[in-house]
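Written out below as structure tokens is the structure these notes cover.
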Amino acid sequence: MSKVKISEAVRFMVDCLKAAGAAAKAAEQQADLLIQADRLGHPSHGLNRLEFYVNDILSGACTPNNQPTVLKESPSTAWVDANNVLGATASHFAMDIAIKKAKETGVGWVTVKGSNHNGMAGYWAKKAADRGCIGMAFTNTSPLLVPTRGKQSALGTNPISVVANASENETFYLDMATTAVAVGKIEMQQRKGEPLPRGWAQGPDGKETTDADLAFKTQCLMPLGGGEQTSGYKGYGLSGVVDLLCGIASGANYGHHIRSWSHSGSGGPANLGQCFIAVDIDCFAPGFGDRLTESMQHWRKIEPSDPSLPVLAPGDKEKKKAKETDECGTVSFVQQQIKSCASLAERLKVKPMEVLQD
Ligand SMILES: NC(=O)c1ccc[n+]([C@@H]2O[C@H](COP(=O)([O-])OP(=O)(O)OC[C@H]3O[C@@H](n4cnc5c(N)ncnc54)[C@H](O)[C@@H]3O)[C@@H](O)[C@H]2O)c1
């Protein structure tokens, strides 16, 4: 692993996105989304994604300098056309509206069409949580999930995120793909040259595979829960719920109609659907934060089945990783990623990312 200063990784990402054609604000917002993923321990959604975004801009599949527009609204809802901007631009626009409406009416519910990949879903739910709301964010994605009993993908990894701040600096932070893992985790295994755990993906024969290259090529991820015996159909159902809220409600592409996402940026605009919900906690019983903290602290005190692995609350891993990252001020990347960044710098004629010497 090679270390890079956080500020340097951000500088590199902003430079690349600007060199590809994004305006400074759009580049900075997208880069912050990416660095937060690296900071929280989700490298699959960090720097790892940069080249996809760059290629989407260069190929014209994403038009970062358009403006999102509101197509229709009520006091508590809005339907937005992202007009094919970067996912971060669209998501800030939509979640800002959801938060404003939640503060005015108690609930803000915004669906978006014409959007692009918006990274870590929890980033968006947390934005509303930091404004005193229960934040929820969902997005549909390119087809990767194989419906239970199937041999072909039909739905996305469609993440669900629900985030709420509690008292004593606690945060309930659930941010999860509805497949067993996000596809980026398969890419990370490829980059590391390591096999996949069982229950993540199927090969072209419809059987589980541990071969990361074959899994990436086949693009058939198993739903959350795995096979039918272990209730994978619930993950499949949840992925369907996300698409209903995102693609189907917004009139964006949905399920099997979404293009597959490639490194080259070929395939035209993604026209993804997204959904952002903010609920003002003050509308309900006082003491929400205290009760949530009491619950989370209770869960952690449950006797672990393996004493070396304490029970965690959702978000604990991310919080620990963020603290470690902030203390050292650096993020670490696998060698293969550093090499890809060097070629990208050359291609875009930007200053290469400076790697710290050990
Ligand atoms: N934008 C997209 O197209 C897209 C698609 C899929 C996933 N994603 C993102 O990929 C990222 C990774 O998703 P994932 O599903 O692989 O995440 P994950 O499996 O690492 O974690 C999922 C959730 O479980 C919690 N968790 C983990 N271990 C736990 C434990 N032992 N006890 C209690 N809680 C625990 C985490 O805090 C997190 O909230 C997320 O940020 C997600 O939004 C994005």
>> If you take every residue apart from H117 with its C-beta less than 13 Å away from the C-beta of H117, what net charge results, scoring Lys and Arg +1 and Asp and Glu -1?
In response: 0
>> Suppose a student asked you for the relative contact order of the chain, using Cα pairs under 8 Å spaced at least 6 residues apart; what percent would you report?
In response: 23
> What 222 nm value per residue comes from the helices of the chain, counting each DSSP H run with n ≥ 4 as -39,500 (n - 2.57) and dividing by all residues, nearest 500 deg cm²/dmol?
Replying inline: -12500 deg cm²/dmol
> Any idea what diffusion coefficient segment 61-165 gets from Stokes-Einstein, in µm²/s, Kirkwood Rh on alpha carbon pairs, 20 °C, 1.002 mPa s?
Replying inline: 149
> Shape of the chain from its Cα gyration tensor (a ≥ b ≥ c, root eigenvalues): rounded if a/c is under 1.5, otherwise prolate when a/b > b/c, or oblate?
Replying inline: rounded
> How large is the charge dipole for segment 164-307, taken about the Cα centre, if only the Cβ atoms of Lys, Arg (+1) and Asp, Glu (-1) carry charge, to the nearest 20 debye?
Replying inline: 480
>> Using DSSP H assignments, which helices in the chain have an axial alpha-carbon span of 15 Å or above and a mean Kyte-Doolittle hydropathy of 0.5 or higher?
In response: 6-20
> How would you order 350-357, 36-43, 167-174, 132-139 from highest to lowest mean count of nearby Cβ atoms within 10 Å?
Replying inline: 132-139, 36-43, 167-174, 350-357
> From the residues G226, H257, L214, which one has its Cα farthest along the dipole of segment 203-270 in the positive direction, the dipole being from +1 and -1 charges on Cβ of Lys/Arg and Asp/Glu about the Cα centre?
Replying inline: H257
> Going highest first, how would you order 329-335, 124-130, 293-299, 78-84 by mean Cβ packing within 10 Å?
Replying inline: 124-130, 78-84, 329-335, 293-299
> Percent of alpha carbon pairs in segment 107-258 separated by more than 18 Å?
Replying inline: 58
> At K192 and M1, where each label point lies 7 Å from the Cα along Cα→Cβ, what is the point-to-point distance in nanometres?
Replying inline: 0.9
> With respect to the cross-link table entries K3/K339; K185/K321; K3/K127; K5/K339; K5/K317, which display a Cα-Cα separation exceeding 19 Å?
Replying inline: K3/K127; K5/K317
> Which part of segment 164-186 falls in the paramagnetic zone of K301, meaning amide N under 15 Å from the point 7 Å along Cα-to-beta-carbon?
Replying inline: none
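The numbers here are math on the coordinates, done by the rules we state, and not lab data. Because the structure is predicted, anything quoted here is derived from the model rather than measured. Because the Cβ atoms are built from the backbone with ideal geometry, glycine has one as well, and the counts that use them run over all protein chains shown.
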